[in-house]
Amino acid sequence: MQASVFSLVLVLNFLLLEVSSVPFGSQVRSKLGEKKLDLELPYQNNVFKIQKDLASATGGFLYSDGFAIYSIDANFSSASNTKLLGRNNGPRSGYAPVGQPVSDDVPPVNDLYALAGFVQLDTDTIVIVSIYQHCILGLNRTTSEYHVIAGTCGSSGLVDGPPGTGRFFQPSDVAYNVADKNYVIYVSDKSNNAVRKVTLDTGKVTTVVTEGIYQPTAISWSFDRSFLLVSNMHNVAKIIRDGDGNHSVQTLDIAVLSYGFGVVEIEPGLIAVADTAKQDIQLLDVDSGVSERARCSLVFPFSVLYNSGRLYMGESGAISSAPLIRN
């Protein structure tokens, strides 16, 4: 009888740990409401990133599914779904033609698989990460032409330097701060366990940090653009730059992730991160030092975007969203 009671206590303790990672008596300041399916993708492709489209006058979005970058209107109507750059991966309709590369030193369009992270510099220019080509591309939306911004397409490594010399090893995401007059982007260089910096004027790659970075998948600026957030495999880290331009890493051990991917700071101190392996969103309240699973019933979420009171979540085969509700 004693053994049975003891076993029951162990099971109950395990279930309590699964229900929430929040310490007893504490809670995250906000939660997610009921999930809504916004867009269903063919072929169950993974939505690696979703962003607001700076070129859309009606609040549209951009997203990547690993094979291509698309634009779509604010209502996620299939008729507006337009491919901006990427390979053909099945019979689809409603997509615009893809332009040719501007020079012979860039891969042909059908070799551009694993297009994951991207960022918009302005309404006309998109910077795109090609994971397995190990380089960073720039797309001109007006001409549909693309070119190499940094790295050496088809060659991997951890080497600083200009295009053709600099090397990445499976870069996965990119972040850009429009207010940064230094005109630089930051890249999560996954298999190098590093965060790299690219000066856009020259394409020169510089290694920023390696310590405290492990398998970084996503990178984004904080709510007030004062620091960078990096989603490592099992945690989230802050990258802080001091007045002298030096960078340091601060690990946020609030939540243990199974496989962290997209990350966004919704408001100062409140972070949402896609926990791909647990198929859920983790909400981290940095000020309170607590975290909680959103329990959204997602299918392998890869990306998150907060916009107008809703958290948009790119998952396997779909884009969905849920309202943020204050506790």
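The values are calculated or read from the model by the stated rules, or taken from the named source; none is laboratory data. Small disclaimer: the values here were computed from a predicted structure and weren't measured. For neighbour counting, all protein chains shown are included, and Cβ atoms are generated from backbone atoms with ideal geometry for every residue, glycine included. Side chains are part of the model used for accessible areas, which takes the heavy atoms of the whole protein and leaves out ligands, DNA and RNA. Shrake-Rupley method; radii C 1.70, N 1.55, O 1.52, S 1.80 Å.
Taking only the stretch 209-225 into account, find how many residues are free of Cβ contacts under 8 Å to residues at least 40 places away in the same chain and surrounded by fewer than 20 Cβ atoms within 10 Å (Cβ to Cβ). Before you say what the answer is, go through the steps one by one.
Going through the stretch 209-225, the residues free of Cβ contacts under 8 Å to residues at least 40 places away in the same chain turn out to be 210-215.
Right, trim to surrounded by fewer than 20 Cβ atoms within 10 Å (Cβ to Cβ) and you get 210-212, 214-215.
Residues in the stretch 209-225 being free of Cβ contacts under 8 Å to residues at least 40 places away in the same chain and surrounded by fewer than 20 Cβ atoms within 10 Å (Cβ to Cβ): 5 in total.
Of the residues that sit in the stretch 150-172 and are open to solvent by 20 Å² or more (accessible area, probe 1.4 Å) and assigned to a strand (DSSP E or B), which one is nearest to residue 207 (Cα to Cα)? Per the criteria, the residue is 159.
Scan the stretch 25-34 residue by residue and report those that are open to solvent by 30 Å² or more (accessible area, probe 1.4 Å) and over 19 Å from residue 279 (Cα atoms). Outline the logic, then answer.
First, pick out the residues of the stretch 25-34 that are open to solvent by 30 Å² or more (accessible area, probe 1.4 Å): 25-27, 29, 31, 34.
Passing the criteria: 25, 26, 27, 29.
When you scan the stretch 208-215, do you find a residue that is under 19 Å from residue 148 (Cβ atoms) and not in a strand (DSSP E or B), even just one? Among the residues of the stretch 208-215, not one is under 19 Å from residue 148 (Cβ atoms) and not in a strand (DSSP E or B), which makes the answer no. Look at (1) over 20 Å from residue 312 (Cβ atoms); (2) modelled with pLDDT of 90 or more and you find that residue 39 fails only one, number (1). Residue check: is residue 321 of a type outside the set (A, V, I, L, M), at pLDDT 95 or above and either within 26 Å of residue 195 (Cα to Cα) or more than 15 Å from the chain's Cα centre (by Cα) (or both)? Against the criterion (of a type outside the set (A, V, I, L, M), at pLDDT 95 or above and either within 26 Å of residue 195 (Cα to Cα) or more than 15 Å from the chain's Cα centre (by Cα) (or both)), residue 321 qualifies. Listed by first and then second residue, the pairs linking a residue in the stretch 58-72 that is of a type in the set (Val, Ile, Thr) to a residue that is open to solvent by 10 Å² or more (accessible area, probe 1.4 Å), with Cβ atoms under 6 Å apart and 6 or more places separating them unless they lie on different chains, are 58/74; 69/84; 72/80; 72/81.
For the stretch 131-145, which positions are in contact with a Leu (Cβ under 9 Å, 6 or more places away or on another chain) and over 17 Å from residue 176 (Cβ atoms)?
Of the residues in the stretch 131-145, the ones in contact with a Leu (Cβ under 9 Å, 6 or more places away or on another chain) are 131, 133, 137-139, 141, 144-145.
131, 133, 144, 145, listed by residue number.
Can you spot a residue in the stretch 48-62 that is among the basic types (Lys, Arg) and modelled with pLDDT of 50 or more? Before the answer, list the steps.
Within the stretch 48-62, the first condition is being among the basic types (Lys, Arg), and the residues that meet it are 49, 52.
Cutting the leftovers down to modelled with pLDDT of 50 or more gives us 49, 52.
Checking the stretch 48-62: at least one residue is among the basic types (Lys, Arg) and modelled with pLDDT of 50 or more.
Going by what's in this entry, would residue 175 be described as open to solvent by less than 40 Å² (accessible area, probe 1.4 Å), farther than 23 Å from residue 155 by Cβ and touching an Asp or Glu at 6+ places or on another chain (Cβ under 8 Å)? No: the conditions fail for residue 175.
For residue 253, are the conditions met, namely being under 17 Å from residue 208 (Cβ atoms) and modelled with pLDDT under 95? The answer is no for residue 253. If the condition is being at pLDDT 50 or above and more than 25 Å from residue 314 (Cα to Cα), then the stretch 1-36 contributes 26, 27. Does any residue of the stretch 173-193 turn out to be touching a His at 6+ places or on another chain (Cβ under 9 Å) and under 19 Å from residue 69 (Cα atoms)? No, every residue in the stretch 173-193 fails to be touching a His at 6+ places or on another chain (Cβ under 9 Å) and under 19 Å from residue 69 (Cα atoms).
Residue 292 falls short on exactly one of the conditions (1) touching a residue at least 40 places away in the same chain (Cβ under 8 Å); (2) touching a strand residue (DSSP E or B) at 6+ places or on another chain (Cβ under 8 Å); (3) open to solvent by less than 50 Å² (accessible area, probe 1.4 Å), and that condition is (3). When each of 198, 127 is tested for being touching a Ser or Thr at 6+ places or on another chain (Cβ under 9 Å), within 29 Å of residue 71 (Cβ to Cβ) and in a strand (DSSP E or B), the lone residue that passes is 198. Scanning the stretch 63-70 turns up one or more residues that are surrounded by 14 or more Cβ atoms within 10 Å (Cβ to Cβ), among the aromatic types (Phe, Trp, Tyr) and at pLDDT below 90. From the list 197, 190, the lone residue that is charged (D, E, K, R) and either crowded, with 21+ Cβ neighbours inside 10 Å or at positive phi (or both) is 190.
Criterion applied to 270, 283, 305 was being at pLDDT 95 or above, open to solvent by 20 Å² or more (accessible area, probe 1.4 Å) and not small (Gly, Ala, Ser), and the one residue passing it is 305. Return the residue satisfying two criteria in turn: it lies in the stretch 35-52 and is within 23 Å of residue 324 (Cβ to Cβ) and within 15 Å of the chain's Cα centre (by Cα), and of such residues it is surrounded by the fewest Cβ atoms within 10 Å (Cβ to Cβ). Per the criteria, the residue is 52.
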